[in-house]
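Here the structure comes first, spelled out in structure tokens, and everything after it is commentary.
The values are calculated or read from the model by the stated rules, or taken from the named source; none is laboratory data. None of these values were measured; they are calculated from a predicted model. Cβ atoms come from the backbone with ideal geometry, glycine included; neighbour counts cover every protein chain shown. These accessible areas exclude ligands, DNA and RNA; they are computed on the full protein's heavy atoms, side chains included. Shrake-Rupley method; radii C 1.70, N 1.55, O 1.52, S 1.80 Å.
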Amino acid sequence: MILDETLTLSNGVAMPKLGLGTWMIPNDTVGAAVVDAIELGYRHIDTAQAYGNEQGVGAGIQQSGIDRDALFVTTKLAAELKDEAAAAAAIDGSLAALGLDHIDLMLIHSPWPWRQYGEDDRHFAGNRAAWRALQAALAAGKLRAIGVSNFHAVDIQKLVDAGGPAPMVNQVLAHIGAVPTALIADCHARGMAVQAYSPIAHGMLLQDPTLGEMAARYGVSIAQLSIRFDLQLGLAPVPKTARRAHMAANAAVDFEISAADMETLSAMPPLENYGEASMMPVFGGKLP
């Protein structure tokens, strides 16, 4: 089963290939989702400071009764924190909010502060400052692995050039119709694992008739086809859902997409509309 499979990060830490994403799940309801996921066999829970639900995620972990060491918990440093002291304080804040003595993986959420996403200033110095805070927390045992999210190759190189432990993970938008092939290849060449968020394109792939026809041939849903696609690219998807039935279905992906169909899916045209997520910079929008 996919829920039992792991990737080994560059520092030897094992990371489950499939995780539960919690973006846009409110703090007061996310705990129930975490409990459901753990009961179904999920061992990787993904959150972020920007989601505003770390406390709820931590409460769900406590309520589940599972042994802490059986779980892999990911969170992300707020994209606006480009100062070492502020980042260090925020790492401690995440530990407190989650109610954990260590976090398995912490990422810098974006090379840009969200409202400056895509602008000319790539905040190289600020990202190096935040990275030093993550490196220090790693050395102190507060974090087991560190990485980045939404970083391009040039942003990663600037961190590598600064010395010390290099990023172990890059979490990026990657789904049928939006595969950053060159970036994935660059990360893999560096020995970095690549996580894929929004593997179902925030639900927009579910409306595609071509995908519906292909999924039917495999006897699966479009969501399952989409998650399997990312897995066969060597990625670690973190589909978001608060529904237990969807969690179970998302994990039922032990089938194989043929090489020919993988080529077809890789050549799908890009999405032009991400629905309610379209205002987010990573989906092509711009926050007000």
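I need the fraction of alpha carbon pairs in the chain separated by more than 37 Å, rounded to a whole percent. Roughly 8 percent, rounded to a whole number. Annotation for segment 233-283: GluC sites (Glu not before Pro) lying in DSSP loop with at most 16 further Cβ atoms inside 10 Å of their Cβ are E256, E272.
By the gyration tensor of its Cα atoms, with a ≥ b ≥ c the square roots of the eigenvalues, what is the shape of segment 133-183: rounded for a/c under 1.5, prolate for a/b over b/c, or oblate? Kindly include the intermediate steps, with their values, before the conclusion.
Numbers: a/c = 3.97, a/b = 1.83, b/c = 2.17.
Because a/c hits 1.5 or more and a/b fails to exceed b/c, segment 133-183 counts as oblate.
I need the shape label for segment 1-120. Rule: rounded when a/c is under 1.5, else prolate if a/b > b/c, else oblate, with a, b, c from the alpha carbon gyration tensor. Prolate shape, in that a/c is at least 1.5 and a/b is the bigger ratio. Cα centroid separation, segment 236-278 to segment 97-146: 27 Å.
A helix-only calculation puts the chain at -11500 deg cm²/dmol for mean residue ellipticity at 222 nm, using -39500 (n - 2.57) for each DSSP H run of at least four residues, averaged over all residues. Annotation note: GluC sites (Glu not before Pro) in segment 74-179 located in DSSP loop regions with a Cβ neighbour count of at most 14 within 10 Å are E119. Pairs exceeding 22 Å between alpha-carbon atoms, taken from K17/K240; K76/K142; K17/K82; K17/K286; K17/K76; K158/K286: K17/K82; K17/K286; K158/K286. Computed with every protein chain present, the accessible area of R43 is close to 70 Å² [probe 1.4 Å].
So for each of 224-230, 282-288 I average, over its residues, the number of other beta carbons within 10 Å; can you give me the resulting order with the highest mean first?
On the way: 224-230: 25.3, 282-288: 13.6.
Descending mean neighbour count gives 224-230, 282-288.
Judged by the gyration tensor of its Cα atoms, with axes a ≥ b ≥ c, segment 70-137 is prolate; a/c meets the 1.5 cut and a/b is the larger of a/b and b/c.
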